[in-house]
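Peer 1: Okay, handing you the structure first.
The values are calculated or read from the model by the stated rules, or taken from the named source; none is laboratory data. Given the structure is predicted, the values throughout are model-derived calculations rather than measurements. Cβ atoms come from the backbone with ideal geometry, glycine included; neighbour counts cover every protein chain shown.
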Ligand SMILES: [Zn+2]
């Protein structure tokens, strides 16, 4: 190994005499590295191979192997430190990190004091748009981030010089710390890092007063409920949008804002913008948009179904669907529910389910352009159906497809629905408590037998009810 490395060093310096060659044979290879200058170091992670690492950094396996004196690429151990060639301008340890919502290539470059160009090259990013929330990037280890660099927004009408005076910072240090080419390069609304301020882990592309933003769980998945959290001062006016739905933020304790939004089960997998706008108490406006990836939910395809054509006639189903969608659209500012939802049928989780949420369905030889919008639970005619959480009844009645149905508003845009009941035990306007009897299971409407069809709607979209039975929201 030593021999091979030394030869490479010597070959790069053809003018050297053979005496030197012999001298080099006798010294540790470390000297060889010292001559070339150490590149940044990547710590091998479990599951990495030389090939995946080479791919990741855009170098050939041969170059990577020879640069690190590796004879047998199969013998790569986790925690080994590899020097990555070709990354002039970078040093220290590189780590992989998931980029959260609220960061741009520019904000990361300012945080890690590395040019945008170099970060882009390191991660093969062609356009800043590729920096979606949740992307795994290679970044310098966070211990290399200069402590004490708070975010400051360039105010409207303020030049960088004026800002430097306000922040008692040296304008040239400010330029350097933010990789700016001149004082003209900072534009109003731009978020700069000011050396000497407080330590700051917050979302780098947003004003300092916003101390945290989370969008998740990532990756966002068809048919799931997405939680948007913002940590900021009280009295923040906050709005946003995602997949064509307006986000409704509510304050959950002082300075903690939450919005919930369902992802439609048939959303085409791909990139979608999450846009946030706000007005801070000091009058600062912000407007930020970043892509998130919506992935396929992996829902199974039910065998093609053959039903009475009258039951899938749009003349019948469309008005009913529209009526139901209109019922579950209003967003009540009061949150009635608290904690996990209870199972509405006594034949709950431990009994399994006749049909799960999201299954793709095709009727009478048609295409698979429909999905099962609820969770089917076992229940005979007469089985008691209970409210899963506190709320207010907003609909009771007999519908063609849904049969005897109930809808409960739980606040914050969250609704539940109960279909095919034999009896309804509540009336519109009733306040219900978790576990309260609301009706009896049955086989009314479009069914092949008695069961409970249970739905959860969030932000006007049907989501997987099982999530609400298994975990606490928000
Ligand atoms: Zn169903």
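Peer 1: For the range 340-377, enumerate the residues that are more than 16 Å from the ligand (Cβ to nearest atom) and at pLDDT 95 or above.
Peer 2: Answer for the range 340-377, where residues must be more than 16 Å from the ligand (Cβ to nearest atom) and at pLDDT 95 or above: 340, 341, 342.
Peer 1: Inside the range 385-406, can you point out the residues that are away from the ligand (no atom under 15 Å from the Cβ), in contact (Cβ under 8 Å) with a residue 60 or more places away in the chain and crowded, with 22+ Cβ neighbours inside 10 Å?
Peer 2: If the condition is that a residue be away from the ligand (no atom under 15 Å from the Cβ), in contact (Cβ under 8 Å) with a residue 60 or more places away in the chain and crowded, with 22+ Cβ neighbours inside 10 Å, then 388 is the only one that fits.
Peer 1: Among the residues in the range 439-457, are any under 17 Å from residue 335 (Cβ atoms), away from the ligand (no atom under 13 Å from the Cβ) and touching a strand residue (DSSP E or B) at 6+ places or on another chain (Cβ under 7 Å)?
Peer 2: Yes - at least one qualifying residue is present in the range 439-457.
Peer 1: Here is a list: 409, 430. Which entry is surrounded by fewer than 18 Cβ atoms within 10 Å (Cβ to Cβ) and either away from the ligand (no atom under 16 Å from the Cβ) or farther than 14 Å from residue 345 by Cα (or both)?
Peer 2: Unique residue meeting the criteria: 430.
Peer 1: OK, next. Take the residues in the range 260-277 that are in contact (Cβ under 8 Å) with a residue 60 or more places away in the chain and assigned to a strand (DSSP E or B), then tell me which one is nearest to residue 366 (Cα to Cα).
Peer 2: The selected residue is 262.
Peer 1: Could I ask something else about it? Any chance the range 5-16 includes a residue that's more than 27 Å from residue 114 (Cβ to Cβ), at pLDDT 50 or above and surrounded by fewer than 17 Cβ atoms within 10 Å (Cβ to Cβ)?
Peer 2: No.
Peer 1: Still on this structure, I have one more. Answer yes or no: is there a residue in the range 318-326 that is in contact (Cβ under 8 Å) with a residue 40 or more places away in the chain, surrounded by 16 or more Cβ atoms within 10 Å (Cβ to Cβ) and under 20 Å from residue 391 (Cα atoms).
Peer 2: yes
Peer 1: Then there is this: Can you pull out the residues in the range 342-369 that are under 21 Å from residue 265 (Cα atoms) and touching a helix residue (DSSP H, G or I) at 6+ places or on another chain (Cβ under 9 Å)?
Peer 2: Listed by number, the residues that qualify are 353, 356, 357, 363, 366.
Peer 1: Before we move on, is residue 382 touching a residue at least 24 places away in the same chain (Cβ under 8 Å) and either crowded, with 19+ Cβ neighbours inside 10 Å or within 16 Å of the ligand (Cβ to nearest atom) (or both)?
Peer 2: No; evaluated as a whole, the condition is false for this residue.
Peer 1: Let me ask something else about it. What number of residues in the range 279-329 are under 22 Å from residue 369 (Cα atoms), part of a strand (DSSP E or B) and modelled with pLDDT of 90 or more?
Peer 2: The qualifying residues number 4.
Peer 1: Can you name every residue in the range 74-98 that is touching a helix residue (DSSP H, G or I) at 6+ places or on another chain (Cβ under 7 Å) and part of a loop (DSSP other than H, G, I, E, B)?
Peer 2: Within the range 74-98, 76, 84, 85, 87, 89, 90, 92 meet the criteria.
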